[in-house]
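Inspection log for the structure reproduced underneath, given as structure tokens.
The values are calculated or read from the model by the stated rules, or taken from the named source; none is laboratory data. None of the values given here were measured: they were computed from a predicted structure. Methodologically, a virtual Cβ is constructed for each residue, glycine included, from the backbone with ideal geometry; neighbour enumeration extends over all protein chains shown.
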Amino acid sequence: MNSEPSQSLSKVTKNILNQYGIKLNKNLGQNYLIDRNKRDQIINFANLSKEDTVLEIGTGIGTLTIELAKRAGKVIAIEQDSNIAEILQQRLEDENIDNVELINDDALNVDFPKFNKIVSNLPYQISSPITFKFLNYDFDLAILMYQKEFARRMNGAVGSKDYSRLSAMLYFKCDVETMTDVSSESFIPKPKIDSSVVKLTPKENKISQEDFKVYSNFTKALFQHRNKKIRNALIDSRHIICKLDKKEMKEKINNIDSEEIKEYLKKRVIAIEPEEILFLSKELNSILNE
């Protein structure tokens, strides 16, 4: 059944969707890549060998999956839509591909089996939570497609409009490199904006797991109020970082002796460096949770 080489990826995709009577739902992030050159480029970025186990989230009908399986030792493919998963299962059987573990479930709710690389055209509506989930796993590299605007925020400079919880979280975990942009014309249905392919390369342990957990909570609390002063942002999001009520927390903050901490508390969230958030989170965590 492997007719793809003699047809465009667009035609192959449309034929399969028509054959099974599938109408794609943009609201579920079902935007399928139909540009073979971009598909191949994405896979090449991953530098795959038979030693690799690849995790793919949001497989669709297998545009990436089938080619990944030809190059990697194993592919762990997660697809939430049961109808789409059945089509992919049939395609894998038709092409005699037996090194794909297909999981029909919500990627946000499952524990991932062991893998060492991630290659995915991610469903856009889960871009943020799935990226944060990836940070809890050890891997060698990830090649991920995001909306272009989201990809910019992954590398947002301190003080810029793109500086966010996302960029602050990635700072300690991964180097972020934009590999290529992908036009909206390369998908069906066509999304409203272009996409970017991003490479994540984990950093050597710059931060302990325990410190990162505290840092993660403080970062989440701060960036819920990114334009406020740090003192006010933490008070307003106190439920994320401690069990104090508003009055108790204000009291503890007002009793801080350290001039350095006091100065940080006057800064706006958007102006604080990740290293400074780490320092503050460790200092304030012991003060607020003693």
Here are some conditions: (1) at pLDDT 95 or above; (2) aliphatic (A, V, I, L, M); (3) assigned by TED's automatic domain parsing to the domain that holds N121. I230 meets all but one. Which one does it not meet? (3)
Considering (1) surrounded by 14 or more Cβ atoms within 10 Å (Cβ to Cβ); (2) of a type outside the set (G, A, S); (3) modelled with pLDDT of 95 or more; (4) within 22 Å of D194 (Cα to Cα), say which one F112 fails and leave the rest. (4)
Enumeration of residues in the stretch 262-278 that are touching a residue at least 12 places away in the same chain (Cβ under 8 Å), farther than 10 Å from R231 by Cα and part of a helix (DSSP H, G or I): I270, A271, P274, E276, I277, L278
Would you please name the residue that is farthest from I66 (Cα to Cα), looking only at residues in the stretch 92-106 that are touching a helix residue (DSSP H, G or I) at 6+ places or on another chain (Cβ under 7 Å) and part of a strand (DSSP E or B)? L102
May I ask you to list the residues in the stretch 153-184 that are in contact (Cβ under 8 Å) with a residue 12 or more places away in the chain, in a helix (DSSP H, G or I) and either on the phi > 0 side of the Ramachandran plot or not aromatic (F, W, Y) (or both)? R153, M154, R165, L166, S167, A168, M169, L170
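For the structure I just gave you, tell me whether S186 is under 20 Å from A168 (Cα atoms), of a type in the set (G, A, S) and either in contact with a Gly (Cβ under 8 Å, 6 or more places away or on another chain) or buried (at least 19 other Cβ atoms within 10 Å of the Cβ) (or both).
It is false that S186 is under 20 Å from A168 (Cα atoms), of a type in the set (G, A, S) and either in contact with a Gly (Cβ under 8 Å, 6 or more places away or on another chain) or buried (at least 19 other Cβ atoms within 10 Å of the Cβ) (or both).
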Kindly establish whether S281 is more than 19 Å from Y171 (Cβ to Cβ), of a type in the set (S, T, N, Q) and part of a helix (DSSP H, G or I). no
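Can you name every residue in the stretch 140-152 that is part of a loop (DSSP other than H, G, I, E, B) and either under 28 Å from S183 (Cβ atoms) or outside the structural domain of E51 (by TED's automatic domain parsing) (or both)?
none
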From the option list V198, V214, V182, V176, single residue qualifying as at pLDDT 95 or above, within 14 Å of P274 (Cα to Cα) and not aromatic (F, W, Y) is V214
Restricting attention to the stretch 87-100, which residues are among the charged types (D, E, K, R) and surrounded by fewer than 12 Cβ atoms within 10 Å (Cβ to Cβ)? E93, D94, D98
Are any residues in the stretch 21-66 surrounded by fewer than 20 Cβ atoms within 10 Å (Cβ to Cβ), charged (D, E, K, R) and more than 20 Å from K190 (Cβ to Cβ), and if so, which ones? D40, K50, E51
Output for the stretch 43-85, where each listed residue is in contact with a helix residue (DSSP H, G or I) (Cβ under 9 Å, 6 or more places away or on another chain), closer than 16 Å to T13 by Cβ, of a type in the set (A, V, I, L, M) and in a helix (DSSP H, G or I): I66
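Residues are listed down the side, and each one gets a yes or a no for (1) within 12 Å of the chain's Cα centre (by Cα); (2) crowded, with 16+ Cβ neighbours inside 10 Å:
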site	(1), (2)
L135	yes, yes
D140	no, no
L144	yes, yes
G156	no, yes
S167	yes, yes
F172	no, yes
D175	no, no
T178	no, no
Which members of the stretch 242-261 meet the condition of being in a loop (DSSP other than H, G, I, E, B) and among the hydrophobic types (A, V, I, L, M, F, W, C)? C242, L244, I256
